[in-house]
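Student: Dropping a structure here in structure tokens format, bear with me for questions.
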Amino acid sequence: MKLADNKATLSFSNGSPSVEMPVYQGSLGPDVIDIRKLYAQTGKFTYDPGFLSTAACQSAITYIDGDKGELLYRGYPIEELATGCDFLETCHLLLYGELPNAEGKKKFSRLVSMHTMVNEQMQFFLRGFRRDAHPMAIMTGLVGALSAFYHDSTDINNPQHRDISAIRLIAKMPTLVAMAYKYTVGQPYMYPRNDLSYAGNFLHMMFATPCEDYKVSPVLERAVDRIFTLHADHEQNASTSTVRLCGSSGTNPFAAIAAGVACLWGPAHGGANEACLNMLEDIQKMGGVSKVGEFMEKVKDKNSGVKLMGFGHRVYKNYDPRAKLMQETCKEVLAELGLENDPLFKLAMALEKIALEDEYFVSRKLYPNVDFYSGIVQRAIGIPVPLFTAVFALARTVGWIAQLNEMIGDPEYKIGRPRQLFTGSVRREVQPLAKR
Ligand code: CMC
């Protein structure tokens, strides 16, 4: 972050003295006005619900240009990472700043695979849940519970603890998601297989049983790896900001990541892939492609409360680059499984076509986001709809932990404490019960 050669001046129409504020430049993206001293200088706060114009931190991890539809992890375009690297290379990049060389990749993969098992007690903890519990309810519990199992890595101010908890989280998330799934279907848990790739091992833990051999399909393995890579980080989104805010109190990394899982669950964020697939299934039940026009009218009617799930994004005002890659994967997976005529895929294509030409969507710059196609891919692979967001959480864990560790290492970091514009009652006296 370096000082720009201009300053910002804030003046008031009531004659209060104006104040000058420093302006900083990043390596990419808009300059930021430093308002940290504003309250001390003016006695006033800024008002920005939803953080529409507020940079809450400096970060060197992920950059999004929403107008161009560009996503860079540590400077590398997502398209090149998704096609030229695997998820663990991407994890290495996000965590340590650089892609590994061949030796580094081997070492990192080995390190992660040494931590894929979870404490055997975890299954008893899991057993406390109802079999029909939502996987995200289970995941918030399991991830939070990791801090009760790994006492030796809970000091967020200790760099070694941060390092080992990062690896533990990345390594154990697939195991926990697969355990949550196996629990709901009543099948035995499958232990991780460290000879498989990260994505291959996840497929094995999800779909293998002790009764027969399970062969990982390379196409599905690649698809899962791509889902992970595309969801690995997305700068200061709601769940990442939650992790940072939670971690800013000095809480342990497992607790901070559990907070991120909870935030991700919402349908406006990670829950959108589940909501999107449910929406496609509802339209299908209504009559499918022939009902698309009718459905779109409801979406455009502000009183209906219906949104086109998987469309729109706070930052992207252009095609989400991840959606393009996911659409490619979607076609590959459906072809591999002989599902080219999948009615939900056809429906999604029809919805997308209409939305991209419709004035309502065009004028608001609403484009498909990553979740529009990721649900179809996951469903085709056999991942049940309620588990979609848990898969997103698994993939985003590396981003959360990289951002958390970046924050703790930042000398400017402070506990997060937003301010408010108070609009409630002014001071008043409590009346005795008989007089109220
Ligand atoms: N369907 C219909 N109208 C929409 C949609 C949509 N999916 N998204 C936005 N709009 C309208 C919105 O009603 C508003 O219209 P107007 O200006 O007339 O009031 C306008 O577009 C601007 O929307 P906004 O709500 O101010 O935008 P936002 O930045 O606050 O919300 C969003 C972004 C992602 C929450 C929203 O687009 C949405 O709810 N999309 C559907 C859910 C979804 O797919 N979420 C996944 C996001 S990507 C995965 C992730 O990173 O978590």
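The values are calculated or read from the model by the stated rules, or taken from the named source; none is laboratory data. Being a predicted model, the structure only gives us computed values, none of them experimental. Glycine gets a Cβ as well: all are built from the backbone with ideal geometry, and neighbour counts include every protein chain shown. With ligands, DNA and RNA removed, areas are computed over all heavy atoms of the protein, side chains included. Shrake-Rupley method; radii C 1.70, N 1.55, O 1.52, S 1.80 Å.
Student: Please specify each residue of segment 1-24 satisfying the condition of being among the small types (Gly, Ala, Ser), over 26 Å from Gln58 (Cα atoms) and at pLDDT 95 or above.
Tutor: Of everything in segment 1-24, those that are among the small types (Gly, Ala, Ser), over 26 Å from Gln58 (Cα atoms) and at pLDDT 95 or above turn out to be Ser11, Ser13, Ser18.
Student: Next up: Regarding Leu351, is this residue within 15 Å of the ligand (Cβ to nearest atom), of a type in the set (A, V, I, L, M, F, W, C), in a helix (DSSP H, G or I) and open to solvent by less than 20 Å² (accessible area, probe 1.4 Å)?
Tutor: Yes.
Student: Please count how many residues of segment 193-211 are under 20 Å from Met114 (Cα atoms) and in a helix (DSSP H, G or I).
Tutor: Number satisfying all stated conditions: 9.
Student: Another question, then. Of the residues that sit in segment 27-50 and are closer than 21 Å to Asp410 by Cα and not in a loop (DSSP other than H, G, I, E, B), which one is farthest from the ligand (Cβ to nearest atom)?
Tutor: Ile33
Student: Just name the residue that is nearest to the ligand (Cβ to nearest atom) out of those in segment 222-249 that are farther than 18 Å from Ala393 by Cα and open to solvent by 30 Å² or more (accessible area, probe 1.4 Å).
Tutor: Arg222
Student: Scan segment 356-376 residue by residue and report those that are of a type outside the set (Ser, Thr, Tyr) and within 24 Å of His231 (Cα to Cα).
Tutor: Passing the criteria: Leu356, Lys365, Leu366, Pro368, Asn369, Val370, Asp371, Phe372, Gly375, Ile376.
Student: I'm trying to understand the selection: among the residues of segment 354-382, which are assigned to a loop (DSSP other than H, G, I, E, B) and either among the hydrophobic types (A, V, I, L, M, F, W, C) or surrounded by fewer than 19 Cβ atoms within 10 Å (Cβ to Cβ) (or both)?
Tutor: Within segment 354-382, Asp358, Arg364, Lys365, Leu366, Val370, Gly382 qualify.
Student: Related question: Looking at Asn252, Asn273, Asn303, Asn318, can you tell me which residue is in contact (Cβ under 8 Å) with a residue 24 or more places away in the chain, open to solvent by 20 Å² or more (accessible area, probe 1.4 Å) and within 16 Å of the ligand (Cβ to nearest atom)?
Tutor: The match here is Asn318.
Student: Considering only segment 321-334, state which residues are aliphatic (A, V, I, L, M), in contact (Cβ under 8 Å) with a residue 60 or more places away in the chain and within 10 Å of the ligand (Cβ to nearest atom).
Tutor: Across segment 321-334, there are no qualifying residues.
Student: Given the criterion closer than 27 Å to Ile64 by Cβ and at pLDDT 95 or above, identify the matching residue among Pro188, Pro174, Pro192.
Tutor: From the options Pro188, Pro174, Pro192, the qualifying one is Pro174.
Student: Checking Glu89 against (1) free of Cβ contacts under 8 Å to residues at least 12 places away in the same chain; (2) under 23 Å from Asp225 (Cα atoms); (3) of a type in the set (D, E, K, R), which test does it fail?
Tutor: All conditions are met except number (1).
Student: Sticking with this one: Quick one: Tyr214 ticks every box in (1) open to solvent by 50 Å² or more (accessible area, probe 1.4 Å); (2) in contact with a helix residue (DSSP H, G or I) (Cβ under 7 Å, 6 or more places away or on another chain); (3) outside any loop (DSSP other than H, G, I, E, B) except a single one, so which number is it?
Tutor: In the conditions (1) open to solvent by 50 Å² or more (accessible area, probe 1.4 Å); (2) in contact with a helix residue (DSSP H, G or I) (Cβ under 7 Å, 6 or more places away or on another chain); (3) outside any loop (DSSP other than H, G, I, E, B), Tyr214 misses (3) alone.
Student: When you go through Phe108, Phe51 one by one, which is the residue that is touching a residue at least 40 places away in the same chain (Cβ under 8 Å), surrounded by 13 or more Cβ atoms within 10 Å (Cβ to Cβ) and farther than 18 Å from Gln25 by Cα?
Tutor: Matching residue, one of Phe108, Phe51: Phe51.
Student: Would you point out which residue out of Phe124, Phe87 is open to solvent by less than 20 Å² (accessible area, probe 1.4 Å) and either in contact with a Ser or Thr (Cβ under 7 Å, 6 or more places away or on another chain) or under 26 Å from Thr389 (Cβ atoms) (or both)?
Tutor: Among Phe124, Phe87, only Phe87 is open to solvent by less than 20 Å² (accessible area, probe 1.4 Å) and either in contact with a Ser or Thr (Cβ under 7 Å, 6 or more places away or on another chain) or under 26 Å from Thr389 (Cβ atoms) (or both).
Student: Quick one: what pairs do we get from segment 375-386, first residue on the phi > 0 side of the Ramachandran plot, second of a type in the set (Phe, Trp, Tyr) and open to solvent by 40 Å² or more (accessible area, probe 1.4 Å), C-beta under 7 Å, 6+ apart or different chains?
Tutor: Once the first residue is on the phi > 0 side of the Ramachandran plot and sits in segment 375-386, its partners that are of a type in the set (Phe, Trp, Tyr) and open to solvent by 40 Å² or more (accessible area, probe 1.4 Å) give Gly382/Phe207.
Student: Something else about it: Can you report the number of residues in segment 289-300 which are more than 12 Å from the ligand (Cβ to nearest atom), open to solvent by less than 70 Å² (accessible area, probe 1.4 Å) and farther than 15 Å from Glu352 by Cβ?
Tutor: So the count comes out to 1.
Student: Would it be correct to say that Val398 is assigned to a helix (DSSP H, G or I), within 16 Å of the ligand (Cβ to nearest atom) and surrounded by fewer than 24 Cβ atoms within 10 Å (Cβ to Cβ)?
Tutor: no
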